[in-house]
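Report on the structure given below.
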Amino acid sequence: MGSGKHARNVEVFHTHGQYPSRALISRAAFEHNLSRARDLAGLAEVMAVIKADAYGHGSVQIAQWAMDAGVRWFGIAQLAEAMDVRREIGDEPHILALIAEPGASFSQAIELGIDLTVSSQTALDEIARAGAENGLAARVHLEVDTGMARGGVQLDQVPSIAQSLADYQDGGLVEVVGLWSHLACADDPDSPVTEHQVELFEQARAFVAEAGLNPPFVHLAASAGLLWHPQTHYTMVRPGIMLYGLSPNPSVATASDLGLEPVMQLDATVVSVRDVPQGTGVSYGHTAHTTTAAHLATVPLGYADGIPRSASNNAQVLAAGGKTPIMGRVCMDQFVIEAPDIHPGDVVTLFGGEPNMPTADEWAQQSGTIGYEIVTRIGVRVPREYIDHDADTGLDEAMSDAAWAA
């Protein structure tokens, strides 16, 4: 998908039950993007971020593809999701839960071998107690707030918590394996904020070292840092959105500019058509009217499926061989387009990676949001169909007919 090398044959599709839409997920495109991330990372370990159900692509299947390609680390935001994925993919890869909420099931997470984020003294104490109860040292990564003002230990508190970590490690309750932070403005290559955050991160590293700790995995860069700030790579990087073929900032460089291939293609089947006269009002509120006699088609996807309502009268789809905008308001379950020579049962593509298709980033621009949101919001009524490109035959093979978004 995206280039001729990874192009898909999507003339024939497989429905799941009676659901009239599908998100085609390309293994070839994912592996291509992973290879691109590895090239940029150099000697740094790659932690593939598969949070939010792998940005809507299906975390278990994406994790399996990544493991097949040799990835040993995964980052997941919420602890419950991390534990669910662990149960599905087995014990071998490392999984870091990036958020540690008070009162979480730390004991269970430690039993499952989940690495835990320490973002406060309270969290550390809870994790250490859970380690004592289990008789197992919890593997932990200290998160430092270097400028996001969102999570992590503030810099002036790092010496104290680093000493607590050292004491707990000496007592066999924790093993300090990581130090990390997150960049606020990495998607702007010219922002001075990133360099300031690096300076603060270096101070935090010094405080940790003064406490006698030497965590082997030091990580600051997500996709934007990996792409545009090589000084942030350290010993581990955390690519997320780029693995799914989207740019962290298309105004700086598009996915194509960056050599990335979109992993998701969103299709739906036209359920009805009608010929209407000039001046016909379309959808709720009649925010659009036909300017001539028109052939309208109804596409069975709506905001309940993650289609932004702000895409109304704006975002384009590929239908009957050409691009055409959504006409009128996006409804909960459907929207309307105007397209000649379209029939019930025909396939409409909302976004994908072929040259003539709209992209998720274009949808984001037309909807006033970011590409991350477009793919991540695709809902549970849209089956994920996993596609493996066979370079020898040019045929696509469905790898999983029963894979669903969580």
Exercise. What ratio of Cα Rg to 2.2 N^0.38 Å holds for region 246-328?
Worked result: 1.33
For this session: List the residues whose amide H sits under 5 Å from the amide H of Ser272, counting only those 5 or more places along or on another chain, with H placed 1.01 Å from N in the peptide plane.
Result: Thr298
Exercise. Region 59-111 to region 285-344: how many Å between their Cα centroids?
Worked result: 39 Å
Exercise. Taking R0 as 25 Å, what's the FRET efficiency between Asp91 and Asp39 from their Cβ-Cβ distance, rounded to 0.05?
Worked result: 0.30
Exercise. Remind me, what semi-axes does region 193-350 give for its equivalent ellipsoid, largest first in whole Å, using sqrt of 5 times each Cα gyration tensor eigenvalue?
Worked result: 49, 15, 13
Problem set entry | Rg and Dmax of the chain, Cα atoms only, in Å | 23.4, 79
Problem set entry | 15 Å beta-carbon shell around Asp39, net charge (K/R +1, D/E -1) | -1
Exercise. Can you work out ³J(HN,Hα) from phi for every residue in region 298-304, in order, using Karplus 6.51 cos²θ - 1.76 cosθ + 1.60 and θ = phi - 60°, giving whole Hz and x for Gly and Pro?
Worked result: 9, 10, x, 9, x, 5, 5
Problem set entry | Over region 120-225, relative contact order from alpha-carbon pairs under 8 Å, at least 6 apart, % | 31 percent
Seminar exercise, completed: Shape descriptor, region 56-148: equivalent ellipsoid semi-axes (Cα gyration tensor, sqrt 5λ, whole Å, largest first) stand at 23, 16, 11
Seminar exercise, completed: When the chain is treated as a Gaussian network with springs between alpha carbons less than 10 Å apart, the largest mean-square fluctuation among Pro248, Pro355, Pro93 is found at Pro355
For this session: On a 0 to 90° scale, report how tilted helix 27-41 is relative to the longest principal axis of the chain, with both axes built from alpha carbons and the result rounded to the nearest 10.
Result: 40 degrees
Seminar exercise, completed: Carbon/sulfur accessible area of the chain, % of total, 1.4 Å probe, equals 49 percent
Problem set entry | Estimated FRET transfer efficiency (Gln278, Arg309; beta-carbon r; R0 35 Å; 0.05) | 0.85
Problem set entry | Per residue value of the accessible surface for the chain (all protein chains in place, 1.4 Å probe), Å² | 41 Å²
Exercise. Using a 1.4 angstrom probe with every protein chain in place, what is the largest-first accessible-area order of Glu92, Glu45, Glu385?
Worked result: Glu92, Glu45, Glu385
Problem set entry | Selected from Ala48, Ala204, Pro300, residue furthest toward positive end of dipole (the chain; charges at beta carbon) | Pro300
For this session: Could you go through region 81-93 in sequence order and give the Karplus-derived ³J(HN,Hα) for each residue, using 6.51 cos²θ - 1.76 cosθ + 1.60 with θ = phi - 60°, rounded to whole Hz, and x for Gly and Pro?
Result: 5, 4, 5, 4, 5, 4, 5, 7, 9, x, 8, 5, x
Exercise. Hey, could you pull the Cα Rg and Dmax for region 31-70, both in Å?
Worked result: 10.3, 29
Seminar exercise, completed: Checking Val174, Val193, Val49 against a Gaussian network model of the chain (alpha-carbon springs below 10 Å), the top fluctuating residue turns out to be Val193
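The values are calculated or read from the model by the stated rules, or taken from the named source; none is laboratory data. What you see is a predicted model, and the numbers here were worked out from it, not measured in a lab. So basically every Cβ, Gly included, is an ideal-geometry build from the backbone, and we count neighbours across all protein chains shown. The accessibility values were calculated without ligands, DNA or RNA, using every heavy atom of the protein model including side chains. Shrake-Rupley method; radii C 1.70, N 1.55, O 1.52, S 1.80 Å.
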